[in-house]
Amino acid sequence: MQTQATMWQIARRPRWIGALVLALAIAGGFAALGQWQLSRSFESGAAPDEQTENIVALDAVSTPQQPVPALATGQLVTAEATFVAGDYVVLSDRFNDVNAAPGFWVVGHGITPDGASLAVALGWSATADEAESAVAGLEQSAPDGVLTGRYLPSESPQESDFEAGQRSALAVSELVNLWAQQPAGVHGGYLVTDAAASGLVRIDSPAPLSEVSLNLLNVFYAIEWVVFAGFAIFLWYRLVRDTWEAEGEALRDAELAATPHAPPVE
Amino acid sequence: MPIGPRPEDVSRIRRTVSIYKVSSYITGTFLLLLLLMMVFRYGFGVDIELLGPYGFLALTPKDLIDGINLSTLILIAHGWFYVLYLGADFVMWRLIRWSFTKFLLIALGGVIPFLSFYFERRVPKDAMAAIATLETQEKVAA
């Protein structure tokens, strides 16, 4: 008498191994599509940020006496500047490394070729003494010439013990009142130089954080693809099981037909 | 290897077939709307706007739409009704124990225009034929 093949035996038939390879290939394709959807869901907003890393002339992004456009924020720029002696300002409570103690910034008063003023953050130091000695050095030899660095919008003035000469915000609006030489026009933002002045540490000014907006629709589609991939495998299992059930029933029917005194089926 | 439905599944099959009929009509209609919307979006660069500033229905470039974007709504609605259609297709395939090819063929009804209207007549007829075959077999056996 013929015995029924087990599901495992059916699954090992070349036809069903081929079907499994096909199902796995389809599931793999779906998984890849899901991955693509997932990468798409993070992608938005990446493109505009890269342009801050292309160095442009300061005049291309900032006009003196005009507000700083949002696109100029964090832009790498070059600007030619001559520094005004006696106009160096030291700011306190400036962090250069979030894990270290706050230090000091030395800010210079640069004049661009068209006569406009530009605040330039020249470097960081851990102590006030170091900052003061750096200022003394700058008074002797100013870092005139073409500067490269990141252009950032002015900070808001903060309440501080300014009468004792203490200030912690790089507020251009405050600086214009401190500078001895009256500006003919002033850029609304300030420049953080790439190369620190001698005696100072380079100010860490990373590229602006890209706004990673999660596109939930794409995340949902990615989950859908994973479900579809699972379904492709399930379908293969179901089809093997169908074959097994069909063979079993065919076999039982054949046996019933072969038995002379088959009991009546209700 | 199609072997026909089980007797205990007959009432479920009848229920699924009626769901299938409704879903095939809705999916088929939305597929035609989708076709229209695709022609407007990719042919003329406009979407269908409902209740916008230019009247009840208007053709407006996608970025300028103030009202309800009917084109996107059609897209989403067709997607979900197709899920229902596929679900009915799947359940019928399982219960009537049709061949896998037939399952795939019926699935195509939701993506090929007008095909679902043909299937709406054809598929229930096949399902009823399968039930009828089962019932005659039972009579013969009894």
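The values are calculated or read from the model by the stated rules, or taken from the named source; none is laboratory data. Everything quoted here is computed from the prediction, not taken from an experiment. Because the Cβ atoms are built from the backbone with ideal geometry, glycine has one as well, and the counts that use them run over all protein chains shown.
Within the span defined as the range A:217-234, every residue fails to be under 20 Å from B:Gly4 (Cα atoms) and either at pLDDT 90 or above or within 14 Å of chain B (Cβ to nearest Cβ) (or both). Among the residues of the range A:240-262, just one is within 11 Å of chain B (Cβ to nearest Cβ) and either under 46 Å from the mean Cα position of the chain (by Cα) or in a loop (DSSP other than H, G, I, E, B) (or both), namely A:Ala262. Applying the set (1) more than 14 Å from chain A (Cβ to nearest Cβ); (2) loosely packed, with under 15 Cβ neighbours inside 10 Å; (3) hydroxyl-bearing (Ser, Thr, Tyr); (4) out of contact with any strand residue (DSSP E or B) (no Cβ under 9 Å at 6 or more places or on another chain) to B:Tyr54 leaves exactly one unmet item: (4). Of all residue pairs spaced 6 or more apart or on separate chains, those with beta-carbon atoms under 7 Å, a first member in the range A:226-253 that is small (Gly, Ala, Ser) and a second member that is outside any helix (DSSP H, G or I) are A:Ala246/B:Met1; A:Ala246/B:Ile3; A:Gly248/A:Gln4.
Which of the residues spanning the range A:20-30 are small (Gly, Ala, Ser) and surrounded by fewer than 18 Cβ atoms within 10 Å (Cβ to Cβ)? Even if it seems obvious, please write down each step before you answer.
Keep residues of the range A:20-30 that are small (Gly, Ala, Ser), which gives A:23, A:25, A:27-29.
Listed by number, the residues that qualify are A:Ala25, A:Gly28, A:Gly29.
Quick one: in the range B:81-121, of everything that is within 13 Å of chain A (Cβ to nearest Cβ) and among the basic types (Lys, Arg), which residue is farthest from B:Tyr25 (Cα to Cα)?
B:Arg97
Contact map, the range A:32-52: first residue farther than 16 Å from A:Gln75 by Cβ, second residue modelled with pLDDT of 85 or more, Cβ cut-off under 6 Å, separation 6 or more or different chains; pairs are A:Leu33/A:Trp225; A:Gly34/A:Ala222; A:Gly34/A:Trp225; A:Gly34/A:Val226; A:Gln37/A:Tyr221; A:Gln37/A:Ala222; A:Leu38/A:Ala222; A:Ser41/A:Val219.
In the range A:29-113, counting only strands (runs of 3 or more DSSP E) that sit wholly within it, the ones holding 3 or more residues that are touching a Gly at 6+ places or on another chain (Cβ under 9 Å), farther than 26 Å from A:Glu159 by Cβ and not hydrophobic (A, V, I, L, M, F, W, C) span A:75-83. When B:Ser24 is tested against the conditions (1) loosely packed, with under 15 Cβ neighbours inside 10 Å; (2) of a type in the set (Gly, Ala, Ser); (3) touching a residue at least 24 places away in the same chain (Cβ under 8 Å), the lone failure is (1). Checked against the criterion of being buried (at least 17 other Cβ atoms within 10 Å of the Cβ) and touching a strand residue (DSSP E or B) at 6+ places or on another chain (Cβ under 9 Å), the range B:112-130 has no qualifying residue. The residues of the range A:161-174 that are surrounded by 15 or more Cβ atoms within 10 Å (Cβ to Cβ), without any contact (Cβ under 8 Å) to a residue 40 or more places away in the chain and either touching a Leu at 6+ places or on another chain (Cβ under 6 Å) or of a type outside the set (D, E, K, R) (or both) amount to a single one, A:Ala171.
The set of residues in the range A:165-203 being within 17 Å of A:Asp87 (Cβ to Cβ) and outside any loop (DSSP other than H, G, I, E, B) consists of A:Val172, A:Ser173, A:Glu174, A:Leu175, A:Val176, A:Asn177, A:Leu178, A:Val186, A:His187, A:Tyr190, A:Leu191, A:Thr193. Count of the range A:40-59 residues, restricted to those that are at negative phi, surrounded by 11 or more Cβ atoms within 10 Å (Cβ to Cβ) and either among the small types (Gly, Ala, Ser) or modelled with pLDDT of 85 or more (or both), is 8.
Scanning the range A:175-211 for residues that are exposed (fewer than 12 other Cβ atoms within 10 Å of the Cβ) and touching a residue at least 60 places away in the same chain (Cβ under 8 Å), we see that the one that is farthest from A:Ser156 (Cα to Cα) is A:Glu211.
Of the residues in the range B:106-142, how many are of a type in the set (A, V, I, L, M) and within 12 Å of the chain's Cα centre (by Cα)? Quick ask: steps written out before the conclusion?
First, pick out the residues of the range B:106-142 that are of a type in the set (A, V, I, L, M): B:106-108, B:111-112, B:115, B:123, B:127-132, B:134, B:140-142.
If we keep only those that are within 12 Å of the chain's Cα centre (by Cα) as well, we get B:106-108, B:111-112, B:115, B:123.
Looking only at that region, the number is 7.
For the range B:55-101, a residue qualifies if it is among the charged types (D, E, K, R), assigned to a helix (DSSP H, G or I) and in contact (Cβ under 8 Å) with a residue 60 or more places away in the chain, and exactly one does: B:Asp89. For the range B:102-111, which positions are surrounded by fewer than 15 Cβ atoms within 10 Å (Cβ to Cβ) and without any contact (Cβ under 8 Å) to a residue 24 or more places away in the chain? Once the filter is applied, which keeps residues that are surrounded by fewer than 15 Cβ atoms within 10 Å (Cβ to Cβ) and without any contact (Cβ under 8 Å) to a residue 24 or more places away in the chain, the range B:102-111 yields B:Leu104, B:Leu108. For A:Leu214, the conditions (1) in contact (Cβ under 8 Å) with a residue 40 or more places away in the chain; (2) over 26 Å from B:Ile3 (Cβ atoms); (3) more than 32 Å from the chain's Cα centre (by Cα) all hold with the exception of (3). Annotation note: of A:Ala136, A:Ala101, A:Ala121, A:Ala79, the sole residue that is exposed (fewer than 13 other Cβ atoms within 10 Å of the Cβ), among the small types (Gly, Ala, Ser) and under 28 Å from the mean Cα position of the chain (by Cα) is A:Ala101.
State which residue is surrounded by the fewest Cβ atoms within 10 Å (Cβ to Cβ) when the search covers only the range B:1-21 and only residues that are part of a helix (DSSP H, G or I) and small (Gly, Ala, Ser).
Taking the candidates together, the pick is B:Ser11.
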